[in-house]
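Novice: Encoded as structure tokens, here's the structure I'll be asking about.
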Amino acid sequence: MYFRQAPGSHPAQYLGRLRMPRKKVIAGNWKMYKTPEQTVAFLHDFLPEVKGHTRDEIVIAPPYIDLYAAVQASEGSNVAIGAQDVCWREECALTGEISSGMLLSVGCTHVIIGHSERRQFFAETDDIVNLKLKAALEAGLVPIVCVGEVLEEREAGLTEDVLRRQCMRAFSTISAAKAAKMIVAYEPVWAIGTGKTATPQMASDAHVIVRAEAAKAFGQEFADNLRILYGGSVKPDNAKTLMAEQEIDGALVGGASLDPKSFAAIVKY
Ligand code: PEP
């Protein structure tokens with residue numbers, strides 16, 4: 001089904017151009033929470049809540065040690081399992097790292113790359129994000145690449161510069177064909193785990209910037225089809241308003257994805 005975007009005043013609207021509707025993705029990032037046993041218990045409660053839900057894609061990213069249990073417990077369901085990080089190297093002597101091939105071997109399909117907590121606390125640079133993105137795409141994983149400004153950058157009026165730089169460097173030397181499966185998540189760092197949410201307009205404006213960078217790197221058609229998720233204190237009570245924005249193609253959810261009822265309520269926004 002094709003639809004024509006209504007002409008409007010927002011720069012996001014590519015006047016008169018046709019594009020496919022973008023299926024939204026609701027992804028949960030569990031961070032360093034839950035054991036394998038707790039993962040199975042979560043899925044036991046969560047899967048019946050979202051059974052038959054096809055409007056949106058659902059992804060859960062538990063810690064590495066839970067991935068196998070999560071894949072087994074969600075087999076045959078509409079929930080995909082992702083990792084929260086990946087190494088850019090294949091099998092080699094790198095203590096503590098996990099490769100794309102290892103993620104695939106346990107049945108993972110998605111991987112979060114460049115989350116702000118990795119950038120802030122584990123010195124992950126734009127160049128490392130680029131290496132990880134290339135490795136994940138090469139392996140056939142669906143990467144969810146996170147970008148977003150910190151509070152000081154927003155207050156200094158640098159949001160656009162930061163997003164452009166992060167996207168440009170993350171997307172560097174990757175072809176549109178290779179990047180086809182990529183998803184981007186705009187996560188303003190000041191909104192992560194703080195209870196502060198970007199307004200739908202703030203998120204939309206940021207998504208327009210990300211989409212424009214994707215158009216520069218990969219072409220307009222690619223950008224028109226790119227799913228850009230919003231992340232930052234998404235909860236059951238604000239999900240519907242955020243998801244109503246034409247520019248917002250889903251959510252990356254931290255805290256509120258840990259409880260089966262709350263995450264199911266977000267999925268069903
Ligand atoms: C996140 O970890 O990506 C996130 C958005 O967290 P929260 O929903 O808790 O703000």
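Novice: Let me check against my output: what whole-number percent is the relative contact order of the chain, with C-alpha pairs under 8 Å and at least 6 apart? Numbers along the way, then the final one.
Specialist: Values: 536 pairs, mean separation 51.9, N = 269.
19 percent.
Novice: Turning to a different aspect of this structure: If each Cα of segment 37-155 is one equal point scatterer, what is log10 of I(q)/I(0) from the Debye formula at q = 0.11, 0.20 Å⁻¹?
Specialist: Debye intensities relative to I(0), on a log10 scale: -0.41, -1.09.
Novice: In addition: Run the simple label-point estimate for residue 120 and residue 235 please: 7 Å along Cα→C-beta, distance reported in nm.
Specialist: 1.9 nm
Novice: Another one. Can you compute the radius of gyration and Dmax for segment 110-157, using only the Cα atoms, both in Å?
Specialist: 12.2, 39
Novice: OK, next. Order of 85, 66 from fewest to most other C-beta atoms within 10 Å?
Specialist: Neighbour counts put them in this order, fewest first: 85, 66.
Novice: Could you give the size of the charge dipole of the chain about its Cα centre, using +1 on the Cβ of each K and R and -1 on the Cβ of each D and E, expressed in debye and rounded to the nearest 20?
Specialist: Values: 29 positive and 32 negative charges, 156 e Å.
Dipole of the chain, to the nearest 20 debye: 740 debye.
Novice: Can you list the residues, at least 5 places off or on another chain, whose amide H is less than 5 Å from the amide H of residue 142, using H built in the peptide plane?
Specialist: Distant-sequence amide H within range of residue 142: 110, 111.
Novice: What is segment 163-245's relative contact order, in percent, from Cα pairs under 8 angstrom and six or more apart in sequence? Present the calculation step by step, with values, prior to reporting the outcome.
Specialist: Values: 89 pairs, mean separation 35.4, N = 83.
Over segment 163-245, the number comes to 43 percent.
Novice: Mind checking which aspartates and glutamates have their C-alpha under 16 Å from residue 261, skipping anything on the same chain fewer than 8 residues away?
Specialist: Residue 261 reaches 45, 49, 237.
Novice: Need one number: nm distance between label points at residue 196 and residue 40, each 7 Å from Cα along Cα→Cβ, rounded to one decimal.
Specialist: 4.2 nm
Novice: Another question, then. Would you mind classifying the chain by shape? Square roots of the alpha carbon gyration tensor eigenvalues, ordered a ≥ b ≥ c; an a/c under 1.5 is rounded, otherwise it is prolate if a/b is larger than b/c and oblate if not. Show your work: numbers first, answer last.
Specialist: Details: a/c = 1.45, a/b = 1.20, b/c = 1.21.
Verdict is rounded for the chain.
Novice: Nearest 5 percent is fine: what portion of the DSSP beta bridges confined to the chain is antiparallel?
Specialist: In the chain, DSSP labels about 5 percent of beta bridges as antiparallel.
Bear in mind these aren't lab numbers, they're just calculated from the coordinates by the rules spelled out. All values reported here derive from a predicted model rather than from experimental measurement. For neighbour counting, all protein chains shown are included, and Cβ atoms are generated from backbone atoms with ideal geometry for every residue, glycine included.
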